[in-house]
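The values are calculated or read from the model by the stated rules, or taken from the named source; none is laboratory data. A quick note: this is a predicted structure, and the numbers were derived from the prediction, not measured. Because the Cβ atoms are built from the backbone with ideal geometry, glycine has one as well, and the counts that use them run over all protein chains shown. To get the accessible areas, we keep the full protein, side chains included, count just its heavy atoms, and leave off ligands, DNA and RNA. Shrake-Rupley method; radii C 1.70, N 1.55, O 1.52, S 1.80 Å.
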Amino acid sequence: MYRAVVCRLVTEAGRVPRGVNHGALALRLRSFSGVKDEQQPPFNRSLLRFLVCPLSKRPLRYEPETNELINEELGIAYPIIDGIPNMIPQEARLIEKDTDVSTTPAQG
Amino acid sequence: MAASVRLMLRRAVRLSHGKINVAAADTAARSGRRLAPSTCRCFGDAAGDRITHFGFETVPEAEKAKKVYKVFENVARHYDTMNDAMSLGIHRLWKDALLHAMHPQPGAQLLDVAGGTGDIAFRFLEYVRSQQERQKRRAARSMQTPSWRDISSSDQYASEDEAGPRESGAVVCDINKEMLKVGKRRAESAGVVAGLSWVAGDAEELPFDDDQFDVYTVAFGIRNVTRIDQALKEALRVLKPGGRFMCLEFSKVTNPVLARLYDAYSFNVIPALGEVIAADWKSYQYLVESIRKFPDQEEFKLMIEDAGFFCVKYYNLTGGVVALHSGFKL
């Protein structure tokens, strides 16, 4: 219990200056790279071992550019927000057959 | 638009992958009895017109999920504080009891559904880590006077193969992203990252492959699921053969005096606490009412057996305020 309290105090104290540096770094990187989204934590690929599409139970493909998990068969993409894959069927995006990016977002 | 697409996809998938439904029908026929759920779940025709309960209210099934989502979105920030306040800290003992009953060994994979802020997952990882340390200590003690063979094959001189294939992991799955965010933040501030994953998913349609997990837990979440039988079937699907289903849920208090006190406490103190701490009377009113609408220990045991689990048992904690149900996939 004491350890937990001390840990929390330490991280609380350390969070403020670290946050400031991270923000500054992110700003610098964003201006150079432009495309990469620095604020998104990386997706844990080991999850792909057992993640499947909830509708068809088929394996998914990870798309690093759009940061989504794609089910080619059904043509839907599940977004990954803050490193957490959102596997709720209502919030999946339909991928148009001819173009890469769909303009009609799915709504629950 | 997506709702209709989803229905269409679901129907297509169900037609082509009919084996799951056939298996479920088999177990239902085998069990012989079909009790009328006292929770008045299925009224109306099969066109999706069914009504269910949301606390003491009656709502269409389609609405319940949305309303429950709203409730947890509102309470997510104060969830842990409220748990401590409402249960006077006893919820920690209940969750510890769950872990002790589970007694996971290093290498076990856990799926914690409706895990929200990750209480069970944290305890699981902690338990497994202490088990691993205990095993190492036991091994060290038994090697006080090692022979040359023991020394040459020991950890110091050989590669660390033991730790590799026996990595245990916990996956926390919750339909509510706010709860997951709170949980992830807690994990990061506690420095627990290895072996812990967070997924947003529906308990009735789990995004996991068959036969993946050693233990499936759902702590104080299953009463919020719209179709409990569907969630139980999914639990059966994702568990490995020999895997264990464990459910902590509020249940019927056996002692009538305690029941009277518990009711008074639930309906008067808890929503008031919710108003004071989280500024949300209605959400906590819902939570208390949903406890009353949930089936009691025996009925839930029958539901678990109907889903296809074996050796289903339940243990009453705190006089029946909470029941721990356990079943195996064989």
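Below are the figures for this structure:
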| read-out | value |
| --- | --- |
| Threshold 20 Å² - residues in the range B:196-219 whose accessible area is reduced by that much or more when the chain is no longer isolated, probe 1.4 Å | B:197, B:198, B:199, B:200, B:202, B:205, B:207, B:208, B:209, B:212 |
| Accessible solvent surface per residue of the range B:179-272, calculated while the other protein chains remain in place, 1.4 angstrom probe, Å² | 37 |
| Relative intensity, log₁₀ I(q)/I(0), of the range B:225-330 from a Debye sum that treats every alpha carbon as a point, q = 0.10, 0.11, 0.13, 0.15 Å⁻¹ | -0.35, -0.42, -0.56, -0.71 |
| Neighbour net charge for residue B:87 - beta-carbon separation under 15 angstrom, K R +1, D E -1 | -3 |
| Ranking by accessible area, most exposed first, for B:112, B:96 with a 1.4 Å probe | B:96, B:112 |
| Contact order relative to length of the range B:193-263, as percent, for alpha carbon pairs under 8 angstrom and 6 or more apart | 36 |
| Largest-first ordering by accessible area, 1.4 Å probe, given options B:138, B:244 | B:138, B:244 |
| Stretchable slack from residue B:265 to residue B:67, in nm (0.36 nm times residue separation minus alpha-carbon distance) | 68.8 nm |
| Buried solvent-accessible surface, both chains (B, A), 1.4 Å probe, Å² to nearest 100 | 2500 |
| The range B:79-237 - convex hull of the alpha-carbon atoms, volume per residue in Å³ | 136 |
| Karplus (6.51, -1.76, 1.60) ³J(HN,Hα), θ = phi - 60°, over the range B:244-254, in Hz, Gly and Pro reported as x | 10, 9, 10, 9, 9, 7, 5, 9, 7, 6, 7 |
| Phi to ³J(HN,Hα) by Karplus 6.51 cos²θ - 1.76 cosθ + 1.60 over the range B:91-103, Hz, x for Gly, Pro | 4, 5, 5, 4, 5, 5, 4, 4, 5, 5, 5, 5, 6 |
